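These notes are about the structure you will find just below.
Since every read-out is calculated from the coordinates, none of them should be taken as a lab result. Note that the coordinates shown come from a computational prediction; the quantities given were computed from them, not determined experimentally. All Cβ positions, even for glycine, are placed from backbone atoms using ideal geometry, and neighbour counts span all protein chains on display.
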Amino acid sequence: MTGQIAHRVVKLTSGAVFGLALLLPSAAGATNVQQWRFKVYLDDREIGHHHFILTRNGMNQRLDTRARFDVTFLKIPFYSYRHDNVEHWNDSCLTRISSHTDQNGKQFQVEGLASENGFRIQSNSGEYTLPACVSTFAYWNKSFLERDRLLNSQTGEYVDIEVQYLGEDTFAEGETAVRAHRYRLSADDLDIEIW
């Protein structure tokens, strides 16, 4: 049951982040800070928040992510999720990552750094080296949709991904109807729709 809740929360959060991220402009060349602050819902009940701060300086970017979710049933704690992540990027390549996650008491730690030999990862699963230019599920940079493998910032796993374009659609942003491109990301235990 806990796994199902986590999957549903991630699905809702991911879609909201990507849809709004594409609407915001970015200035080329100058230091630019963008923030996204989302309320997270499980069905129609608010269970927490997911905040992102993206700092751009030319081709270099830093993304700070913080997520806090709490699910209760009759005021009894049922599920909690705490995720803090800092990613450094050069253009579309991840250069460094440091994340810590507490998923209902289970701890995850991911540290990664680009080197001459590839992207070195240390996580709960051990140490290993990935190709030189990797990407996380970087919803703020739609170039991640061109990848067939993505780094899971929570677990450090390098996940095979299938991306399917679902066409253009319209969603409501306040009182405004916004046209957006819609995609589905699929993996073994992952099914996310993003706009």
Pull up all non-local amide H partners of GLU157: gap of 5 or more, or a different chain, and H-to-H distance under 5 Å with H placed in the peptide plane. ASN152
Provide the FRET efficiency to the nearest 0.05 for the ASN104-ASP84 pair, computing r from the beta carbons and using R0 = 22 Å. 0.85
Here the gain from full extension of ASP43 to TYR128, 0.36 nm per residue of separation minus their alpha-carbon distance, amounts to 26.8 nm
In whole Hz and in residue order, list the ³J(HN,Hα) couplings for region 179-195 that follow from phi through the Karplus curve 6.51 cos²θ - 1.76 cosθ + 1.60, θ = phi - 60°; x for Gly and Pro. 7, 8, 8, 10, 9, 10, 9, 10, 8, 3, 10, 9, 8, 10, 9, 10, 10
Give me the distance in nm between label points sitting 7 Å out from Cα along the Cα-to-Cβ direction at LEU113 and LYS75, one decimal. 4.9 nm
